[in-house]
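Read through the structure below, which is laid out as structure tokens, and then see the notes.
The values are calculated or read from the model by the stated rules, or taken from the named source; none is laboratory data. Because the structure is predicted, anything quoted here is derived from the model rather than measured. Here Cβ is always computed from backbone atoms with ideal geometry, including for glycine, and neighbour counts include all displayed protein chains. The accessibility values were calculated without ligands, DNA or RNA, using every heavy atom of the protein model including side chains. Shrake-Rupley method; radii C 1.70, N 1.55, O 1.52, S 1.80 Å.
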Amino acid sequence: MSDVRYPFTAIVGMADLRLGLLLNAVSPAVGGVLVRGEKGTAKSTMVRALAGLLPSIATVDGCRFACDPAAPDPQCPDGPHAAVESHERPSQLVELPVGVAEDRIVGSLDLERALAEGVKAYEPGLLARAHRGVLYIDEVNLLQDHVVDLLLDAAAMGRSYVEREGVSVRHAARFLLVGTMNPEEGELRPQLLDRFGLTVEIAATRDPAERAEVVRRRLGYDADPAGFAARFAEEERALAERITAARELLPKVELTDVALRQITAVCAAFEVDGLRADIVMARTAVALAAWDGRTEVLEEDVRKAAQLALPHRRRRNPFDAPGLDEEQLDRTLEEHAQQQEEEPEPEGDGPGPDGGGDDDNGGGPEGGPDGGGPDGGGAPEPSDGGPEAPEAASPEDPASEGPEVPAQPPVPAQHPAPARESAPVAAGDPYRTRLFTVKGTGHGAQGRRSPAETTGGHTIRARRPQGALARLHLTATLQAAAPHQAARGRSGRALVVHKDDFREQVRQGRESNLVLFVVDASGSMAARQRMTAVKGAVLSLLMDAYQRRDKIGMITFRGSGAELALPPTSSVEVGAARLESLPTGGRTPLAAGLLRAHEVLRVERLRDPSRRPLLVVVTDGRATGGRDALAQSRRAATLFAAQGTASVVLDCESGPVRLGLARTLAGLLGGTAVSLDELRAEGVASLVRENRAADRSANRLTTSMRKAA
């Protein structure tokens, strides 16, 4: 692989991504950019190319934390720095691997010096290396949540705090944060999305001419990287000079009171949570003005800032796709402009001018929204409430096909549906479900479902290393080495530690599991009201799997066989989409569904042996189609019981007369049967409260009878 970076100016198209990256290069206070897009769209290439455009930085000689000699960090672990020599070096691009551990990011105790020299020394991590450079996280959605939280906290505060293994260190960590992700591989939680300043959606162009130019340039670079880069050297130099000029102009840009109120009006109209969006929009608008060589923020800057800063903050539940209604944005800005024309100038809101005095630099807008946000954003809310409500309510009940669903004749719940395929119906509203776990202690990837030994969590004991030493248990290691110091001829402060003395930590936390749904889509489930409730229950379980960071898969069975509707994946959103479009009708080949699930789990055990499965069968327990259909389904169920697979049967049987087939199936699986009503977490809590209240009433009655006797 060539050491010559692909030129930033040689990349074809993707104007929004270019702009988002350049704005963060001008003002890192914007908070970074999250790049969302399909595979093969040059996300990583563009980020790596950006690092070559950033100006060189001066650093203190010998400082491992890249301190600026003009303003060294007073808390630098290598400080204090006074009257020291400095040198210039290029801004660094630090890439974060997907499997990175927490101590590699923030740094940790230098164990070699601690044990060999008896001194407490700190070994810097990747955040220290990224200071005043670029921190690039490829596939950020595949990182563990606590790692993403740690990175975003450091990016927001500009400082890393290390409190571990007897080390207490604080050092500056200001960097341009860039994350890339493919939504097909799973989404970030809305709470983590909100921590990124900007987001950009990209997709490969469908224009044959542009695609041909992309291929032509890539082949030219592969053939002669240095020669290809030389062709764009002048454009690269001009772009780097423009970044430097915009950085110098940034403190002089004025965020007027009118622009600030436009920002808060837009954020209020789109009902974004908190005030982070207002602050990010203000910083982005200021950076846009500086990038265009202006000293005043205009309405066009506010509009573009909203397009970059708000789409990922519009999600109301985990299955919403990020997006922004451009018409609503234009309408909000127009109504705000009309309101400004109608209101006399002296009657402006009081807190507004507070934002004007502090907005001369990238951090200034932080004070503005706190004082002026609610007032500035309050006026447009009534006018925007009307158009907003239908948008939020429209997907609530109808199916995606619209007019087809009302035309579907209702099917009585007590009779099987006809063999023909019925149109899909919409899922009911999701709700919080009971927690289902896999029994025992696992060793899978860190998550939030079943108990497991993980790299996170709390330390429960120490043990001899099993393989390479990963997490040293310092206290246990010292205790193991201490009795042998005299025999080993110890002298001085350093301990004499042998390999057999090392102990590693055993931590207990929770793991993520593979939740495999086996959904009955036969005619017996096709009654409209019933299938709406069933889909709502499965959607609720999908949301629970999303929040617990599980992998999911989905098998549907109807007609003459079973289908793997969704191979095991981390993208729960795809599962929700497949569920929404699920048709129903035909016979009930329950045995085929269970056998297909058994085969899928067998393959997944080979691929990922440490991830334990949880089987969720959604059915009323009926089995039709073929001779001895019910007996075959029961024999298939015993296969899971023999392997000890954790299972839950969601009993969908309804009506006054119930056969109890789903509960019989649960017994054969060795699992638990739960009705639709019992699935709700609040339903379980209320049942417990009712039982406790009944017990208290019975106790009081018994006490009264005894006293009367």
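Couple of notes before you dig in:
- Translational diffusion coefficient (Stokes-Einstein; Kirkwood radius from C-alpha pairs) of the range 186-338 at 25 °C, 0.890 mPa s, in µm²/s: 136
- Here r is the Cβ-Cβ distance between GLU335 and GLU296 and R0 is 25 Å; the resulting FRET efficiency, rounded to 0.05, is 0.65.
- Its Kirkwood hydrodynamic radius, worked out from the mean inverse distance over all distinct Cα pairs, puts the range 617-681 at 12.2 Å.
- What the Cβ-Cβ distance of ALA641 and SER560 gives, at R0 = 30 Å and to the nearest 0.05, is a FRET efficiency of 0.70.
- Once backbone amide H atoms are built at 1.01 Å from N, VAL618 has VAL518, VAL519, ASP520, LEU650 as its partners under 5 Å, excluding neighbours fewer than 5 places away on the same chain.
- For the range 133-141, 3J(HN,Hα) per residue [Karplus equation, 6.51 cos²θ - 1.76 cosθ + 1.60, θ = phi - 60°, Hz, x = Gly/Pro]: x, 10, 10, 10, 10, 7, 6, 5, 6
- A probe of 1.4 angstrom, applied to the heavy atoms of all protein chains, finds HIS473 with accessible area near 40 square angstrom.
- From the Kirkwood radius over Cα pairs of the range 443-532, Stokes-Einstein at 4 °C and 1.567 mPa s returns a whole-number translational diffusion coefficient of 76 µm²/s.
- Applying a DSSP loop filter and a limit of 14 other Cβ atoms within 10 Å to the trypsin sites (Lys or Arg not before Pro) in the range 1-101 leaves LYS39.
- ³J(HN,Hα), Karplus 6.51/-1.76/1.60, whole Hz, each residue of the range 305-314, x for Gly, Pro: 4, 5, 5, 8, 9, 9, x, 7, 9, 8
- Under the simplified labelling scheme, the ALA101-ALA203 pair shows an inter-label distance of 4.2 nm, with each label point 7 Å from Cα along Cα→Cβ.
- FRET efficiency for the pair THR672 and SER610, taken as 1/(1 + (r/R0)^6) with r the Cβ-Cβ distance and R0 = 41 Å, rounds to 0.95.
- Here the relative contact order of the range 196-346, from alpha carbon pairs under 8 Å that lie six or more residues apart, stands at 25 percent.
- Hull-based mean projected area of the range 149-209, where the convex hull spans the alpha carbons, in square nanometres: 6.6
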